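To start, the structure under review is shown below, and the notes come after it.
The values are calculated or read from the model by the stated rules, or taken from the named source; none is laboratory data. This is a predicted model, so every value here is computed, not measured. For neighbour counting, all protein chains shown are included, and Cβ atoms are generated from backbone atoms with ideal geometry for every residue, glycine included. Just the protein is used for accessible areas: all its heavy atoms, side chains included, with ligands, DNA and RNA removed. Shrake-Rupley method; radii C 1.70, N 1.55, O 1.52, S 1.80 Å.
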Amino acid sequence: FQQQLSNLNIYKWVESSAARGLRIASADPGMRNCILASGVLEFRDAAFKASFPKLSTIIDSLLTRRKFFDPRTGLEQWRVMPVTRQEAQVRACIPAGRVVRLCTEKAFLDELVEGQLPEIQRSDVAPAVLQVMALQVRDVAHFDFFSRPPAVAVIRALNHLYGLEALDEEGRITPTIGERLAAFLPTPPQISRFLLASLKENCTASALTAAATILELRESALVKAEHTKSTTGRKLEA
C-alpha cells in the first residue's frame, strides 16, 4: 500500500533540545516519516525514541561537519568532509533494518581514514599554550604534546598571548595577567582578558553578559556562514 511521505528535519546545532522534542512529537504516526538528521546523536534523544521506536532504513551520506581554526586568519569555520570509518560504524549501530552508505565498498575501505584528526591539530591552541606556560614550561615549541599541533598555530598562539599581555617580551607568562587568564579556562584567552579588564573598570556584570553573547553569536555565525555557503553552492550548480 501507499503512504504519504512526511519529511522531518532535525538539526541539533541550530535548535534547543526542547524545540526539537516538540517537532518530533508533532510528527504524524500514520504517515511514512523520512528523517533528515544532522548527526547520529539525534537518534538517541528520548523524544525521538518515543516517537520512532523502529527505523526500517538509514541512508548515510558519509559526510559530516567539523570546526577548523585557520591560524593564518585567526578565524574558525565549519568544513564539510567525509566521516572516518570509526564514525561510519557508530552510525550503523543505530537500531534499524539496514544501513545504506552512499559510496562503493572500495571507496569506503580506501578513501575513508580510520580515525579522526586530533582536535588540537584543527583548533585554536592559544588556551593549551597558555596552560602549558602556566606550568612554567618555557620552550612550548618543543613541548611533547600528545598530538603535536602545527608550528604555525603555536607561533600564532604565542603572538596572540603576547598581544593580550599574558606573556612578556622574553616569552614568560606574566603573573599579573597571564597566570590569571589561565584560571579562566575553558573561556578563550581574549574573552578572559576582557573579563579581567572589567574588574578594573568595575563593570563585571555587564562584561559577563557581553562575553556570553559574543560566544553564543560566534557559534551562530559559524553555522549561518556554512548554511549560506552551501545554499549559494546549490544555486550556482542549478
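Give the residues of region 104-119 that are surrounded by fewer than 17 Cβ atoms within 10 Å (Cβ to Cβ) and either under 19 Å from the mean Cα position of the chain (by Cα) or hydrophobic (A, V, I, L, M, F, W, C) (or both), sorted by residue number. Result: 107, 108, 109, 113, 115, 116, 117, 118, 119. The residue pairs whose first member lies in region 120-140 and is at positive phi, whose second member is surrounded by fewer than 19 Cβ atoms within 10 Å (Cβ to Cβ), and whose beta carbons are closer than 9 Å, counting only pairs six or more residues apart or on different chains, are 136/172.
Against the list (1) assigned to a helix (DSSP H, G or I); (2) open to solvent by 80 Å² or more (accessible area, probe 1.4 Å); (3) closer than 23 Å to residue 76 by Cβ, the condition residue 213 fails is (2). Please determine, by comparing only the residues of region 50-63 that are in contact with a helix residue (DSSP H, G or I) (Cβ under 7 Å, 6 or more places away or on another chain) and at pLDDT 80 or above, which one is surrounded by the most Cβ atoms within 10 Å (Cβ to Cβ). Filtering region 50-63 for residues that are in contact with a helix residue (DSSP H, G or I) (Cβ under 7 Å, 6 or more places away or on another chain) and at pLDDT 80 or above, the one surrounded by the most Cβ atoms within 10 Å (Cβ to Cβ) comes out as 62. Out of all the residues in region 154-168, is one or more farther than 30 Å from residue 197 by Cβ and either surrounded by 15 or more Cβ atoms within 10 Å (Cβ to Cβ) or out of contact with any Phe, Trp or Tyr (no Cβ under 8 Å at 6 or more places or on another chain) (or both)? Within region 154-168, not a single residue is farther than 30 Å from residue 197 by Cβ and either surrounded by 15 or more Cβ atoms within 10 Å (Cβ to Cβ) or out of contact with any Phe, Trp or Tyr (no Cβ under 8 Å at 6 or more places or on another chain) (or both).
Hey, does region 130-141 have a residue that's modelled with pLDDT of 85 or more, part of a loop (DSSP other than H, G, I, E, B) and open to solvent by 100 Å² or more (accessible area, probe 1.4 Å)? Looking through region 130-141, at least one residue is modelled with pLDDT of 85 or more, part of a loop (DSSP other than H, G, I, E, B) and open to solvent by 100 Å² or more (accessible area, probe 1.4 Å).
Checked across region 176-187, the condition of being among the acidic types (Asp, Glu), over 26 Å from residue 77 (Cα atoms), touching a residue at least 12 places away in the same chain (Cβ under 8 Å) and open to solvent by 30 Å² or more (accessible area, probe 1.4 Å) holds for at least one residue.
Of the set (1) open to solvent by 50 Å² or more (accessible area, probe 1.4 Å); (2) over 30 Å from residue 159 (Cα atoms); (3) of a type in the set (Lys, Arg), all apply to residue 79 but (2).
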